[in-house]
Amino acid sequence: MDWQWLSLTLNQAFTWTLYNSIEASLLVLLILLCQQLGKKHFPIRWHHAVWFLLLWKLAVPWSIDSTISLYNWLPTSSWTSMQEAHPPTEPIVLATEALNRHESAFQSDASLVNKASFSWISLLSLIWICGVTIFAGTMTLSTYRLLSPLKNDEFVQDVAILRVFSQCQKQMGISKSIPLRMSPQMTSPALMGIWRPQIWLPTNLLDKLNEHELRHIFLHELAHWKRRDIPVNSVMSVLLILNWFNPLLWYAASRMRQDQEMACDALALTYLQETEVPRYGYTMIKMLELYACPKQIRFTAGFSSSKKQVKRRIEMIRHFQKRAYTWTLSGIVVVLALGVFTLTDAKKALGNEATFAVPAEGTIKSPIDQAIGLRIVNDLNTPVQAAAAGKVVKAEYDTKTGKGNQVILEHEGGYQTVYSHLEKLEVTAGVAVTQGQLIGLLGSTGRSTGPHLAFQILENGIPVDPTKLLVDIEAKE
């Protein structure tokens, strides 16, 4: 039972991650398009800040349904498209009289897992979790190998260098103590640590740079701290582990890091005199000459870049103006528009929402147990009609859950309706029915205390409150 529940949970986690990753890919393409079109119009800071929409999309598991969401154009919803691996011939049903709704859902879900234990979705889910484990283990090991030898690295003791560093901190309004250390492991100056940030410098770097060049490096690394780039990089690295199968997201993370470096350059340049801006670019070129192949280390934020990235950063420095780090109205509007269209969930257009009618005359009561659904009490053989147009996916006597004669209909939008304890079935599996069509007669078959209809509505396999979807329930009560 535990294995079945874990298997179902894994399948659901994978299907959500997969579909969310597909939606995030569309967002990446839009961000890249907006960056290209607004290359000369949006400030440097905007080019990095817009990536936070992607972080939000990947990290937050819920969002508001919207009729203007970009994902309304996708062919199916996140659950209905993925649940094709579990045919809806045996969906979740009303709980038995002796079980609460959570236990009944687990039992029904477990039966689905039994029938589709070797389905492609289960296989992909297993591959996905194995990939997550491997990537998480690899990233953890590499981080440990990096940080472990750094524990014994020496602190910078040179009074002149510490004075320059202190001046940079004061100029940027940073009062937190951030130690300076030297390490032979480093190939570029880098800021590390979320709670206890420290700046590591390559050994002998201090002998190769003058005071002005050191100041440029310190301003850049302190800009990383001021902008909270280490936590951002850490979150993105974790999200990449979960979405390891999506190459577009790996590319997006790389572009995000590049834009992050340019945003730090722009922030650092705001603290320099206009005549000193070109020197900042010369410092960058000098660092490239000293360390031709700087390592890109996760959970850190460094100064050096590859030749291709340095070229882009130098181009930005050539045309830098201090307003390049301020927001513009057009940039704010574009970010808000992207958020409205891409950080919302798909929802059917107004007028196309699913509507259901009360399926039988009688007294409407809540279930005896805690299951989500309704009991409609009336005389034996009272007509039971389809609550909405759809297709019959089950019409038979249920021997497993004690629901007696049961009909299950499948409707558009990922909905299903369940009718239990019927006295007689008037439809067969596979046929299409219209709203109001006779599908059975109210009865007391199975484990029942008297003539009644047990009625339930499922949305993407999950029971929902029928009173919120039944349009005529007030008139029937």
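A short reminder: the numbers here are calculations on the coordinates, not readings from a lab. Here the structure is a predicted model, which is why all the values come from computation and not from measurement. Cβ sites come from the backbone with ideal geometry, for glycine too, and all protein chains shown count toward neighbours.
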| said: How much length would be gained if the chain were fully extended between LEU147 and VAL464, taking 0.36 nm per residue of separation minus their Cα-Cα distance, in nm to one decimal? | reply: 109.2 nm
| query | Ranked from highest to lowest mean number of other Cβ atoms within 10 Å per residue, what is the order of the peptides 456-467, 129-140, 254-265, 27-38? | reply | 254-265, 456-467, 27-38, 129-140
| query | Modelled label-to-label distance, THR9 and TRP73, 7 Å Cα→beta-carbon offset: nm? | reply | 3.8
| For the modelled label position 7 Å from the Cα of ARG196 along Cα-to-Cβ, which residues of the stretch 129-164 have backbone nitrogen atoms closer than 19 Å? | 143-157
| Segments 42-52, 158-168 sorted - mean Cβ within 10 Å per residue, highest first | 42-52, 158-168
| Which whole-number value in Å³ per residue fits the convex hull of the alpha carbons of the stretch 363-476? | 98
| note | Over the Cα atoms of the stretch 117-186 the radius of gyration and the largest Cα-Cα distance (Dmax), both in Å, equal 22.0, 67
| Cα→Cβ-extended label distance, 7 Å offset, between ARG447 and LEU248, nm | 4.8
| Using 0.36 nm per residue, how much length does the chain from GLU315 to ILE332 gain when fully extended, once their Cα-Cα distance is taken away? | 3.7 nm
| request: For the pairs LYS57/LYS226; LYS226/LYS286; LYS170/LYS226; LYS151/LYS286; LYS394/LYS424; LYS365/LYS424, note any where the Cα-Cα span goes beyond 18 Å. | output: LYS57/LYS226; LYS226/LYS286; LYS151/LYS286; LYS365/LYS424
| task | Output the peptides 242-250, 170-178 sorted from most to least packed, where packing is the average of other Cβ atoms within 10 Å over each peptide's residues. | result | 242-250, 170-178
| Two-site FRET efficiency, ALA389 against GLN185, from Cβ-Cβ distance with R₀ of 51 Å, rounded to 0.05 | 0.15
| request: Assign unit charges at the C-beta atoms only (+1 for Lys and Arg, -1 for Asp and Glu), then state the dipole size of the stretch 363-476 relative to its Cα centre in Debye, rounded to the nearest 20. | output: 220
| note | The extension gain from LYS400 to VAL431, computed as 0.36 nm times the residue separation minus the Cα-Cα distance, is 8.8 nm
| Summed residue charge, Cβ within 15 Å of LEU32's Cβ, Lys/Arg positive, Asp/Glu negative | +4
